[in-house]
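To keep things clear, I will list the structure first and then write my remarks on it.
None of the figures in this text is laboratory data; all of them are computed from the coordinates on show. Note that the coordinates shown come from a computational prediction; the quantities given were computed from them, not determined experimentally. Heads up, the Cβs are rebuilt from the backbone with ideal geometry, glycines too, and the neighbour counts pull from every protein chain shown.
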Amino acid sequence: MMTYKLKDLITTKKPHVCGSNTWEVVRIGADIKIKCTGCAREVMIPKYELDKKIKK
């Protein structure tokens, strides 16, 4: 499992609908809230699911 900190930038394998694949960590807990750097959309996703989708 990866460890996440606030303000970390995450690159996903697949791009978001807006075309950006870079996300910023906004909130940490049981679920992690990430914000798209392209369109500012916020998504809450479980840690184990995010670990599968992350590139770096």
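A few remarks follow.
- Residues of the range 26-56 satisfying the condition of being basic (K, R), surrounded by 14 or more Cβ atoms within 10 Å (Cβ to Cβ) and assigned to a strand (DSSP E or B): K33, K35
- Residue check, K14 assigned to a loop (DSSP other than H, G, I, E, B), exposed (fewer than 11 other Cβ atoms within 10 Å of the Cβ) and touching a helix residue (DSSP H, G or I) at 6+ places or on another chain (Cβ under 9 Å): yes
- L6, sole failed condition from (1) part of a loop (DSSP other than H, G, I, E, B); (2) of a type in the set (A, V, I, L, M); (3) surrounded by 12 or more Cβ atoms within 10 Å (Cβ to Cβ): (3)
- Inside the range 1-16, residues that are of a type in the set (K, R) and touching a residue at least 40 places away in the same chain (Cβ under 8 Å) make up a count of 1.
- A Cβ distance below 8 Å, combined with a sequence gap of six or more or placement on separate chains, defines the contacts here; from the range 27-56, residues that are touching a residue at least 12 places away in the same chain (Cβ under 8 Å) reach residues that are part of a loop (DSSP other than H, G, I, E, B) and among the basic types (K, R) in the pairs I28/K5; K35/R41; K53/K13; K53/K14; I54/K13; K55/K13.
- Residue under evaluation G19, criteria (1) touching a residue at least 24 places away in the same chain (Cβ under 8 Å); (2) at positive phi, criterion not met: (1)
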